[in-house]
């Protein structure tokens with residue numbers, strides 16, 4: 001079995017080589033899941049600002065239902081913690097220490113109902129290979145203890161699937177993986 005560092009290097013290259021632009025239809029299975037399972041008026045959904053050939057979650061803004069959702073973006077804090085803050089599409093962003101975009105003006109921290117999670121690779125057991133910082137796993141390990149209603153959905157291309165990822169006890173398994181082939 002390959003180690004995580006080797007797999008990260010491999011899947012950065014695979015994603016860059018095979019990347020393609022998606023359209024808003026990519027998110028139809030997600031939107032069906034939201035309509036079916038959520039009756040709340042406002043749903044807090046965390047996205048990420050795409051970079052490095054990640055699937056472009058900003059395409060969600062082309063879908064009308066987005067107006068009924070409160071969009072959150074991750075913000076890195078001291079002690080390598082991550083929090084989610086509300087973000088509207090035209091709000092100013094700033095670059096954090098990892099070169100990622102995050103809201104410049106912060107609202108209070110909001111725990112997401114639905115979390116769209118970036119990844120480098122995934123497997124049949126909904127394990128995720130992230131970038132190695134552990135931000136999402138630390139957040140989920142902390143907040144799933146008090147709010148086990150966070151629905152986690154990894155966003156990927158089907159070519160990012162790996163047969164069996166190495167996992168540690170700190171890794172959090174995702175509820176679903178969404179690719180251009182559907183939601184699993």
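Values in this text are rule-based calculations from the coordinates and carry no lab data. Please read these numbers as outputs of a predicted model, since none were measured by experiment. Glycine gets a Cβ as well: all are built from the backbone with ideal geometry, and neighbour counts include every protein chain shown.
The table below lists the values:
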read-out	value
Inter-probe distance in nm under a simple model that places probes 7 Å from Cα toward Cβ, at residue 141 and residue 93	2.8 nm
Contact order normalised by residue count of the range 1-112, Cα under 8 Å, 6+ apart, percent	21 percent
Full-stretch length increase - residue 6, residue 38 - with 0.36 nm per residue and alpha-carbon distance subtracted	7.6 nm
Mean-position separation - Cα centroids, the range 131-158 and the range 1-46, in angstrom	13 Å
Inter-site label distance for residue 104 and residue 79 at 7 Å from Cα along Cβ, in nm	2.9 nm
